[in-house]
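Please read the structure below before turning to the comments.
The values are calculated or read from the model by the stated rules, or taken from the named source; none is laboratory data. All values derive from a computational prediction rather than experimental measurement. No Cβ is skipped: glycine too gets one built from the backbone with ideal geometry, and neighbour counts run over all protein chains shown. When the accessible area is computed, the model is the full protein with side chains, heavy atoms only, and any ligands, DNA or RNA have been set aside. Shrake-Rupley method; radii C 1.70, N 1.55, O 1.52, S 1.80 Å.
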Amino acid sequence: MSMLERAEAAERAMSEELDRTVVKSVIYVSGDRDPRVPLTRPDNGKLVMMGQDPRLPRMPERPTLLDFFKYRFGPANHLMQSARLAQKNGVAEKLVLACLLHDIGIAGFIRGDHGYWAAQLLEPYVDEEVSWAIRYHQALRFFPDESVGYAYPQMYTKLFGADYEPDPYIQRDYAYAREHKWYMSARLICVNDLYAFDPNVKVELEEFTDVVGRHFRQPKEGLGWDASPSAHMWRTIMMPTKYL
Ligand SMILES: [Fe+2]
Ligand SMILES: [Fe+2]
(Lines give C-alpha, C1' and ligand atoms only; values in the text may rest on other atoms or scores of the structure.)
(Ligands and ions follow the chains in the order given, each with its own letter.)
Protein backbone atom coordinates (compact mmCIF):
# COMPACT_ATOMS: atom_id res chain seq x y z
CA MET A 1 0.00 0.00 0.00
CA SER A 2 1.22 3.48 -0.78
CA MET A 3 1.23 6.15 1.92
CA LEU A 4 -1.87 7.66 0.39
CA GLU A 5 -3.69 4.33 0.31
CA ARG A 6 -2.75 3.71 3.94
CA ALA A 7 -4.02 7.16 4.92
CA GLU A 8 -7.26 6.52 3.04
CA ALA A 9 -7.71 3.13 4.71
CA ALA A 10 -7.19 4.74 8.13
CA GLU A 11 -9.76 7.40 7.23
CA ARG A 12 -12.23 4.75 6.17
CA ALA A 13 -11.71 2.83 9.41
CA MET A 14 -12.27 5.98 11.43
CA SER A 15 -15.33 6.87 9.43
CA GLU A 16 -16.73 3.37 9.95
CA GLU A 17 -16.53 3.82 13.71
CA LEU A 18 -18.84 6.78 13.43
CA ASP A 19 -22.58 6.51 13.02
CA ARG A 20 -22.39 8.65 9.96
CA THR A 21 -20.14 8.58 6.93
CA VAL A 22 -17.74 11.46 6.50
CA VAL A 23 -16.80 12.53 2.99
CA LYS A 24 -14.28 15.34 3.07
CA SER A 25 -14.45 18.37 0.83
CA VAL A 26 -12.06 18.35 -2.11
CA ILE A 27 -10.10 21.30 -0.73
CA TYR A 28 -9.09 19.39 2.44
CA VAL A 29 -7.46 16.59 0.50
CA SER A 30 -6.44 18.23 -2.76
CA GLY A 31 -2.74 17.64 -3.31
CA ASP A 32 -2.77 14.46 -1.25
CA ARG A 33 -5.24 13.34 -3.90
CA ASP A 34 -5.73 14.41 -7.48
CA PRO A 35 -8.75 16.75 -7.29
CA ARG A 36 -9.93 15.57 -10.70
CA VAL A 37 -10.57 12.09 -9.35
CA PRO A 38 -14.05 11.99 -7.85
CA LEU A 39 -14.25 11.41 -4.09
CA THR A 40 -16.40 8.35 -3.68
CA ARG A 41 -18.85 7.85 -0.87
CA PRO A 42 -18.25 4.47 0.83
CA ASP A 43 -21.24 2.23 0.30
CA ASN A 44 -21.61 1.14 3.93
CA GLY A 45 -25.34 1.59 4.35
CA LYS A 46 -24.84 4.49 6.74
CA LEU A 47 -26.26 7.97 6.53
CA VAL A 48 -23.86 10.76 5.72
CA MET A 49 -22.72 13.50 8.13
CA MET A 50 -25.23 16.31 7.98
CA GLY A 51 -24.52 18.23 11.17
CA GLN A 52 -21.94 18.63 13.91
CA ASP A 53 -19.18 16.05 13.72
CA PRO A 54 -19.09 14.08 17.03
CA ARG A 55 -15.29 14.01 16.91
CA LEU A 56 -15.28 17.79 17.40
CA PRO A 57 -16.27 19.62 20.57
CA ARG A 58 -19.93 20.52 20.29
CA MET A 59 -20.66 24.18 19.74
CA PRO A 60 -23.36 25.95 21.73
CA GLU A 61 -26.69 26.53 20.03
CA ARG A 62 -26.05 30.23 19.51
CA PRO A 63 -22.29 30.45 19.22
CA THR A 64 -20.43 33.68 19.87
CA LEU A 65 -17.10 34.79 18.49
CA LEU A 66 -15.42 33.66 21.71
CA ASP A 67 -17.05 30.22 21.36
CA PHE A 68 -15.34 29.86 17.99
CA PHE A 69 -12.07 30.73 19.70
CA LYS A 70 -12.73 28.08 22.34
CA TYR A 71 -14.07 25.26 20.20
CA ARG A 72 -12.78 25.68 16.66
CA PHE A 73 -9.62 27.79 16.55
CA GLY A 74 -6.10 26.61 17.26
CA PRO A 75 -4.20 28.03 20.23
CA ALA A 76 -4.79 31.77 20.20
CA ASN A 77 -1.60 32.81 22.00
CA HIS A 78 -0.25 34.60 18.97
CA LEU A 79 -3.47 36.58 18.56
CA MET A 80 -3.91 37.41 22.24
CA GLN A 81 -0.31 38.49 22.69
CA SER A 82 -0.51 40.69 19.60
CA ALA A 83 -3.70 42.29 20.93
CA ARG A 84 -2.14 42.83 24.34
CA LEU A 85 0.94 44.43 22.79
CA ALA A 86 -1.31 46.72 20.75
CA GLN A 87 -3.11 47.69 23.95
CA LYS A 88 0.19 48.42 25.65
CA ASN A 89 1.23 50.56 22.68
CA GLY A 90 -1.92 52.64 23.04
CA VAL A 91 -3.53 51.49 19.78
CA ALA A 92 -7.21 52.52 19.35
CA GLU A 93 -9.52 49.90 20.80
CA LYS A 94 -11.17 48.82 17.57
CA LEU A 95 -7.70 48.13 16.17
CA VAL A 96 -6.88 46.07 19.26
CA LEU A 97 -9.80 43.93 18.08
CA ALA A 98 -8.22 43.85 14.60
CA CYS A 99 -5.00 42.52 16.17
CA LEU A 100 -6.96 39.92 18.12
CA LEU A 101 -8.62 38.69 14.92
CA HIS A 102 -6.00 39.27 12.22
CA ASP A 103 -4.98 35.61 11.83
CA ILE A 104 -8.26 33.78 12.46
CA GLY A 105 -8.04 32.61 8.84
CA ILE A 106 -4.99 30.57 9.86
CA ALA A 107 -6.32 29.66 13.30
CA GLY A 108 -9.57 28.18 12.06
CA PHE A 109 -10.19 28.27 8.33
CA ILE A 110 -7.77 28.38 5.40
CA ARG A 111 -4.10 29.42 5.49
CA GLY A 112 -3.57 30.63 1.94
CA ASP A 113 -4.75 34.24 1.60
CA HIS A 114 -5.63 34.22 5.29
CA GLY A 115 -5.98 38.01 5.51
CA TYR A 116 -8.56 38.05 2.73
CA TRP A 117 -10.52 35.15 4.23
CA ALA A 118 -10.53 36.67 7.72
CA ALA A 119 -11.68 40.04 6.38
CA GLN A 120 -14.58 38.42 4.57
CA LEU A 121 -15.57 36.37 7.61
CA LEU A 122 -15.63 39.50 9.75
CA GLU A 123 -16.96 42.18 7.41
CA PRO A 124 -20.63 41.94 8.46
CA TYR A 125 -19.76 42.24 12.15
CA VAL A 126 -17.02 44.84 12.53
CA ASP A 127 -16.25 48.42 11.59
CA GLU A 128 -15.17 48.67 7.95
CA GLU A 129 -11.74 49.93 8.98
CA VAL A 130 -11.15 46.79 11.08
CA SER A 131 -11.83 44.32 8.27
CA TRP A 132 -9.94 46.53 5.80
CA ALA A 133 -6.88 46.50 8.05
CA ILE A 134 -7.07 42.73 8.44
CA ARG A 135 -7.35 42.21 4.67
CA TYR A 136 -4.30 44.34 3.91
CA HIS A 137 -2.05 43.28 6.79
CA GLN A 138 -1.32 40.22 4.69
CA ALA A 139 0.24 42.22 1.84
CA LEU A 140 1.88 44.78 4.14
CA ARG A 141 3.66 42.04 6.10
CA PHE A 142 6.07 41.62 3.16
CA PHE A 143 7.07 45.28 2.89
CA PRO A 144 9.13 47.19 5.46
CA ASP A 145 8.17 50.62 6.72
CA GLU A 146 11.03 52.21 8.60
CA SER A 147 8.91 55.18 9.66
CA VAL A 148 7.26 52.88 12.22
CA GLY A 149 10.24 50.58 12.77
CA TYR A 150 8.81 47.69 10.79
CA ALA A 151 11.45 45.55 9.05
CA TYR A 152 10.97 42.57 6.74
CA PRO A 153 10.45 39.62 9.14
CA GLN A 154 13.51 37.39 9.53
CA MET A 155 11.04 34.57 9.98
CA TYR A 156 9.89 35.06 6.36
CA THR A 157 13.42 34.55 5.09
CA LYS A 158 13.49 31.32 7.07
CA LEU A 159 10.06 30.24 5.85
CA PHE A 160 10.10 31.35 2.22
CA GLY A 161 13.80 31.62 1.36
CA ALA A 162 15.99 34.68 0.89
CA ASP A 163 14.97 35.22 -2.73
CA TYR A 164 11.20 34.99 -2.22
CA GLU A 165 9.18 37.58 -4.16
CA PRO A 166 5.56 38.18 -3.19
CA ASP A 167 3.02 37.38 -5.92
CA PRO A 168 2.01 40.22 -8.24
CA TYR A 169 -1.42 40.50 -6.61
CA ILE A 170 0.21 41.01 -3.20
CA GLN A 171 2.46 43.72 -4.68
CA ARG A 172 -0.57 45.34 -6.31
CA ASP A 173 -2.58 45.27 -3.07
CA TYR A 174 0.38 46.66 -1.13
CA ALA A 175 0.70 49.58 -3.58
CA TYR A 176 -3.04 50.24 -3.22
CA ALA A 177 -2.99 50.04 0.59
CA ARG A 178 0.10 52.28 0.80
CA GLU A 179 -1.92 55.20 -0.58
CA HIS A 180 -5.10 54.50 1.39
CA LYS A 181 -6.34 56.61 4.30
CA TRP A 182 -6.39 53.49 6.50
CA TYR A 183 -2.85 52.41 5.59
CA MET A 184 -1.59 52.96 9.13
CA SER A 185 -4.37 50.80 10.61
CA ALA A 186 -3.24 47.79 8.61
CA ARG A 187 0.38 48.69 9.33
CA LEU A 188 -0.32 48.72 13.08
CA ILE A 189 -1.40 45.09 12.85
CA CYS A 190 2.03 44.26 11.37
CA VAL A 191 3.86 46.33 13.99
CA ASN A 192 2.08 44.49 16.81
CA ASP A 193 2.18 41.09 15.08
CA LEU A 194 4.36 38.99 17.37
CA TYR A 195 6.10 35.90 16.08
CA ALA A 196 8.28 35.13 19.04
CA PHE A 197 5.90 35.17 21.94
CA ASP A 198 6.95 34.59 25.50
CA PRO A 199 5.68 31.18 26.62
CA ASN A 200 5.73 32.42 30.22
CA VAL A 201 3.28 35.22 29.57
CA LYS A 202 -0.24 33.97 30.15
CA VAL A 203 -3.00 35.84 28.35
CA GLU A 204 -6.59 34.75 28.80
CA LEU A 205 -9.24 35.26 26.17
CA GLU A 206 -11.50 36.74 28.85
CA GLU A 207 -9.18 39.75 28.96
CA PHE A 208 -10.71 40.82 25.66
CA THR A 209 -14.38 40.18 26.44
CA ASP A 210 -15.08 43.92 26.74
CA VAL A 211 -13.19 44.87 23.58
CA VAL A 212 -15.10 42.20 21.65
CA GLY A 213 -18.37 43.27 23.28
CA ARG A 214 -17.89 46.88 22.21
CA HIS A 215 -16.60 46.33 18.68
CA PHE A 216 -17.99 43.03 17.40
CA ARG A 217 -21.70 42.91 16.48
CA GLN A 218 -22.60 39.48 17.78
CA PRO A 219 -25.75 38.25 15.95
CA LYS A 220 -28.51 37.24 18.36
CA GLU A 221 -29.22 34.02 16.39
CA GLY A 222 -25.60 32.93 16.90
CA LEU A 223 -22.68 33.29 14.52
CA GLY A 224 -23.48 31.13 11.50
CA TRP A 225 -27.24 31.04 12.04
CA ASP A 226 -27.79 34.67 11.08
CA ALA A 227 -28.35 35.69 7.47
CA SER A 228 -25.16 37.72 6.96
CA PRO A 229 -23.14 37.39 3.74
CA SER A 230 -20.50 35.34 5.59
CA ALA A 231 -22.75 33.25 7.87
CA HIS A 232 -22.15 30.17 5.68
CA MET A 233 -18.40 30.48 6.27
CA TRP A 234 -18.91 30.35 10.03
CA ARG A 235 -21.20 27.33 9.56
CA THR A 236 -18.45 25.59 7.59
CA ILE A 237 -16.01 26.20 10.46
CA MET A 238 -18.63 24.84 12.85
CA MET A 239 -19.45 21.78 10.67
CA PRO A 240 -16.45 21.20 8.39
CA THR A 241 -17.48 17.67 7.44
CA LYS A 242 -21.11 18.36 6.49
CA TYR A 243 -21.96 16.41 3.34
CA LEU A 244 -24.04 19.14 1.70
FE1 LIG B 1 -1.18 37.31 9.27
FE1 LIG C 1 0.02 37.33 12.85
Search the structure for amide H atoms under 5 Å from the amide H of Tyr150, placed 1.01 Å from N in the peptide plane, and list their residues when 5 or more places away or on another chain.
Asp145
With the contact rule set at Cα under 8 Å and sequence spacing of 6 or more, what percent relative contact order holds for the chain?
27 percent
Proximal lysine pairs, the chain, alpha carbons under 30 Å, eight or more residues apart or interchain
17
Binned at 5 Å from 0, what are the whole-percent values of the Cα-Cα distance distribution for segment 33-151, short to long?
2, 9, 14, 19, 17, 12, 9, 7, 5, 3, 1, 1, 0
On average over all directions, what projected area in square nanometres does segment 94-155 have, based on the convex hull of its Cα atoms?
4.5 nm²
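Just to check, using Stokes-Einstein with a Kirkwood Rh over alpha carbon pairs, what's the diffusion coefficient of segment 137-244 at 4 °C and 1.567 mPa s in µm²/s?
Numbers: Rh = 17.5 Å.
Reported coefficient: 74 µm²/s.
Based on the alpha-carbon set only, what is the convex hull volume of the chain divided per residue, in Å³? Mind dumping the intermediate values first?
Details: hull volume 41.6 nm³, N = 244.
It is 171 Å³ per residue.
Working from the pairwise distances between different alpha carbons, so that the mean of 1/r is found and then inverted, what is segment 81-126's Kirkwood radius in Å? Please report the intermediate quantities before stating the final value.
On the way: mean 1/r = 0.0916 Å⁻¹.
Over segment 81-126, the inverse of the mean reciprocal pair distance is 10.9 Å.
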Which residues make up the longest stretch of the chain that has no GluC sites (Glu not before Pro) in a DSSP loop with at most 11 other Cβ atoms within 10 Å?
62-178
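Hey, what number do you get for the chain at 222 nm if only DSSP H runs of n ≥ 4 count, each worth -39500 (n - 2.57), divided across all residues, to the nearest 500?
Using -39500 (n - 2.57) per qualifying helix, the result is -13500 deg cm²/dmol.
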How would Ile106, Ile27 rank on accessible area, largest to smallest, probe 1.4 Å?
Ile27, Ile106
Scan around Val48 for amide H atoms under 5 Å from its own, H built in the peptide plane at 1.01 Å from N, and keep only partners 5 or more places away or cross-chain.
Thr21
Please list Ser2, Ser230 from largest to smallest accessible area, probe radius 1.4 Å, with all protein chains kept in place.
Ser2, Ser230
Near the amide H of Leu194, under 5 Å away, which other amide H atoms are found, from residues 5 or more places off or on another chain, if H is placed in the peptide plane?
Ser82
Furthest towards positive pole of dipole, Leu39, Pro54, Ser25, structure part segment 12-78, Cβ charges:
Ser25
At 0.692 mPa s and 37 °C, Stokes D of segment 199-244 from Kirkwood alpha-carbon radius, µm² per second:
255 µm²/s
